[in-house]
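Down below is the structure, laid out as structure tokens.
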Amino acid sequence: MESITVSRRIDAPEPAVRDVVTDVEPFMLAAGFDEVGVDGDEIRITNRVGIATIELTLERVDGPDAVLAYEQREGIFESMRTVYHLHEDEGGSTVLEATTDFALDVALVGEMLDATIIKRQRRRELEAQFDHVEAVAGTDTDADPD
């Protein structure tokens with residue numbers, strides 16, 4: 001199992017950050033995916049990574065203290081789960097943290113993608129989502145590289 005975690009301090013109160021993250025379609029589009037469709041708890045994404053096109057069907061799930069959590073139901077991963085957490089710091093800012101855990105299905109992925117490429121791409125997607133949250137809910141940040 002591979003894992004990537006990204007966190008950022010957003011200069012906005014927790015409810016404002018929560019509202020942006022839970023507005024799922026624009027939040028997922030902000031990651032830079034080529035296509036996003038949301039139908040209830042189902043999220044379908046299409047993303048071109050290098051020469052590969054990745055299509056995933058995700059399902060929103062409950063996560064302990066998570067503002068948003070989803071797992072892959074169909075796609076290239078053996079398993080994939082992303083969980084977003086929020087907590088307000090003492091200064092009134094909100095720390096947004098996302099963790100994606102994944103295992104590659106080698107039979108489906110082959111040599112075109114490996115864990116390093118997936119991690120790099122996922123970090124870019126999460127950072128782009130955090131940029132979106134910042135633009136909509138806040139004004140100032142302290143990036144916290146993982």
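What follows is calculated from the coordinates using simple rules that are stated; it is not laboratory data. Quick caveat: nothing in here was measured; it's all calculated off a predicted structure. Cβ sites come from the backbone with ideal geometry, for glycine too, and all protein chains shown count toward neighbours.
With contributions of -39500 (n - 2.57) from each DSSP H run of at least four residues, the per-residue ellipticity at 222 nm computed over the chain stands at -8500 deg cm²/dmol. Local charge for P13 was computed over the other residues whose Cβ lies under 12 Å away, with Lys and Arg +1 and Asp and Glu -1, and equals -4. For the chain, the residue among F27, V95, A12 whose Cα projects farthest onto the positive side of the dipole built from Cβ charges is F27.
Taking the chain as the reference, fit the longest principal axis to its C-alpha atoms, fit the long axis of helix 115-137 to the helix C-alpha atoms, and give the angle between the two in degrees, 0 to 90, nearest 10. Computed tilt is about 30 degrees.
With only Lys, Arg, Asp and Glu charged, each at its Cβ (+1 for the first two, -1 for the last two), find how big the charge dipole of the chain is about the Cα centre; round to the nearest 20 debye.
Values: 13 positive and 34 negative charges, 89 e Å.
Once rounded to the nearest 20, the dipole reads 420 debye.
Only residues of the stretch 1-42 count here: report those whose backbone N is under 18 Å from the spot 7 Å along Cα→Cβ of E59, or say none. Counting backbone N atoms under 18 Å from the label point, the list is 37-42. For Cα Rg over 2.2 N^0.38 Å, the choices are (i) 0.95; (ii) 1.13; (iii) 1.02; which was calculated from the structure? Recomputing Cα Rg over 2.2 N^0.38 Å here picks out (iii).
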